[in-house]
1. Determine if segment 34-41 includes at least one residue that is without any contact (Cβ under 8 Å) to a residue 24 or more places away in the chain and either under 16 Å from the mean Cα position of the chain (by Cα) or within 30 Å of Phe4 (Cβ to Cβ) (or both).
2. Return yes when Leu88 is surrounded by fewer than 15 Cβ atoms within 10 Å (Cβ to Cβ) and without any contact (Cβ under 8 Å) to a residue 12 or more places away in the chain and no when it is not.
3. Tally time: how many residues in segment 91-115 are out of contact with any Gly (no Cβ under 8 Å at 6 or more places or on another chain) and in contact (Cβ under 8 Å) with a residue 40 or more places away in the chain?
4. Considering Leu52, Leu66, which residue is open to solvent by 30 Å² or more (accessible area, probe 1.4 Å), under 29 Å from Asn2 (Cα atoms) and aliphatic (A, V, I, L, M)?
5. If you check Phe72 against the conditions, is it on the phi < 0 side of the Ramachandran plot, within 12 Å of the chain's Cα centre (by Cα) and of a type in the set (Phe, Trp, Tyr)?
6. Modelled with pLDDT under 95, within 17 Å of the chain's Cα centre (by Cα) and of a type in the set (Ser, Thr, Tyr): which single residue out of Ser80, Ser67, Ser26 fits that description?
7. Regarding segment 2-15, can at least one residue be identified that is closer than 19 Å to Ile104 by Cβ, open to solvent by 50 Å² or more (accessible area, probe 1.4 Å) and either outside any helix (DSSP H, G or I) or in contact with an Asp or Glu (Cβ under 8 Å, 6 or more places away or on another chain) (or both)?
Amino acid sequence: MNKFINSFKKNGTGIGLMIIAALFTSTGQLFWKLSLSQLNMNLIVGFLLYGLGAVMMIVAFRFGSLSVLHPFLSVGYVISTLLGGFILHEHLSYYTFMGITLIIIGVSLIGGGDE
């Protein structure tokens, strides 16, 4: 258990930055969807957020192991799903929440697996 916690400590900054990157890229994709494929402010904001997320991801790789940090981008799937459900009113089933739970458990296990 101590090795698990040490891995999170060692990669903590990188993990935090990767989660922020996933948040920016997912939100950018939401704005792309809201743009209705037209050149408007939503599309521009979407590109800016997505680009910011990509830069944040590059920076994050300086603060931890690639094999630990990269899987944290899958948090973007969780964020996108929740944004789709709460903002776009898409249907979120029991199975969707089971999948979200599995992603979170998996990423947590990978985050603690560097030691």
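1. No.
2. Details: surrounded by fewer than 15 Cβ atoms within 10 Å (Cβ to Cβ): yes; without any contact (Cβ under 8 Å) to a residue 12 or more places away in the chain: no.
So Leu88 fails the test.
3. Summing the residues that are out of contact with any Gly (no Cβ under 8 Å at 6 or more places or on another chain) and in contact (Cβ under 8 Å) with a residue 40 or more places away in the chain in segment 91-115 gives 5.
4. The match here is Leu66.
5. Numbers: on the phi < 0 side of the Ramachandran plot: yes; within 12 Å of the chain's Cα centre (by Cα): yes; of a type in the set (Phe, Trp, Tyr): yes.
Against the criterion (on the phi < 0 side of the Ramachandran plot, within 12 Å of the chain's Cα centre (by Cα) and of a type in the set (Phe, Trp, Tyr)), Phe72 qualifies.
6. On the way: Ser80 fails: modelled with pLDDT under 95; Ser26 fails: modelled with pLDDT under 95.
Criteria check complete, one pass: Ser67.
7. yes
Conditions tested, residue by residue: (1) within 18 Å of Lys9 (Cα to Cα); (2) open to solvent by 60 Å² or more (accessible area, probe 1.4 Å); (3) not polar (S, T, N, Q).
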{"site": "Phe24", "(1), (2), (3)": "no, no, yes"}
{"site": "Gln29", "(1), (2), (3)": "no, yes, no"}
{"site": "Leu36", "(1), (2), (3)": "no, yes, yes"}
{"site": "Asn42", "(1), (2), (3)": "no, no, no"}
{"site": "Leu48", "(1), (2), (3)": "no, yes, yes"}
{"site": "Ile58", "(1), (2), (3)": "no, yes, yes"}
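The values are calculated or read from the model by the stated rules, or taken from the named source; none is laboratory data. Remember, it's a predicted structure, so these values are computed and weren't measured experimentally. Neighbour counts run over all protein chains shown; Cβ positions are idealised from the backbone, glycine included. These accessible areas exclude ligands, DNA and RNA; they are computed on the full protein's heavy atoms, side chains included. Shrake-Rupley method; radii C 1.70, N 1.55, O 1.52, S 1.80 Å.
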